[in-house]
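What follows is one structure encoded as structure tokens, with my remarks underneath.
The values are calculated or read from the model by the stated rules, or taken from the named source; none is laboratory data. None of the values given here were measured: they were computed from a predicted structure. Ideal geometry is used to build each Cβ from the backbone, glycine not excepted, and the neighbour counts take in all protein chains shown. These accessible areas exclude ligands, DNA and RNA; they are computed on the full protein's heavy atoms, side chains included. Shrake-Rupley method; radii C 1.70, N 1.55, O 1.52, S 1.80 Å.
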Amino acid sequence: PIAGVLTKYARVGSAITCVCVSGTGRFIYCGCKDGSLRRIRTQGGVKSRPSSSSSSPAALDSKEDMQIDVHGGHTAAITGVNLSWEESQVIHSSRDGTLIIRDAYTMQLLQTIKTGKPSVL
């Protein structure tokens, strides 16, 4: 459900394969089929909706409230994205057999790990 909302309102561009939302809802990390990782910064965050108002469990305020950063590094679809427990690092895996670790604040590449096999988080 949230992937559909993001594709529609955030104009992510590539098909979303996985999503991770920060604890505050301010950052949404989308792994995409084209191998890119997109970080969406929201002004108001992702908000839960009452179950009676929509079949979608989450909503964004509006597309004007979002800023999208695109980060490369994979040559195949991203299969998983997650945050470290303290939310200081983002790790994403891909069908290309790599895991990438980034600083969650700057999105600077910290490490690339080659597993040799398609990876799943």
Members of the range 59-87 found to be part of a loop (DSSP other than H, G, I, E, B), within 22 Å of Gln43 (Cβ to Cβ) and modelled with pLDDT of 95 or more, listed by number: Glu87
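Please specify each residue of the range 21-34 satisfying the condition of being within 19 Å of Asp96 (Cβ to Cβ) and open to solvent by less than 20 Å² (accessible area, probe 1.4 Å). Give the derivation first.
First, pick out the residues of the range 21-34 that are within 19 Å of Asp96 (Cβ to Cβ): 29-34.
Answer for the range 21-34, where residues must be within 19 Å of Asp96 (Cβ to Cβ) and open to solvent by less than 20 Å² (accessible area, probe 1.4 Å): Tyr29, Cys30, Gly31, Cys32.
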Tabulated pairs, the range 85-104, first within 13 Å of Gly23 (Cα to Cα) and open to solvent by less than 40 Å² (accessible area, probe 1.4 Å), second in a loop (DSSP other than H, G, I, E, B) and of a type in the set (Phe, Trp, Tyr), C-beta under 8 angstrom, 6+ apart or interchain: Ser88/Tyr105
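With respect to Leu37, determine if the residue is surrounded by 12 or more Cβ atoms within 10 Å (Cβ to Cβ) and at pLDDT below 75.
Numbers: surrounded by 12 or more Cβ atoms within 10 Å (Cβ to Cβ): yes; at pLDDT below 75: no.
Criteria not met by Leu37.
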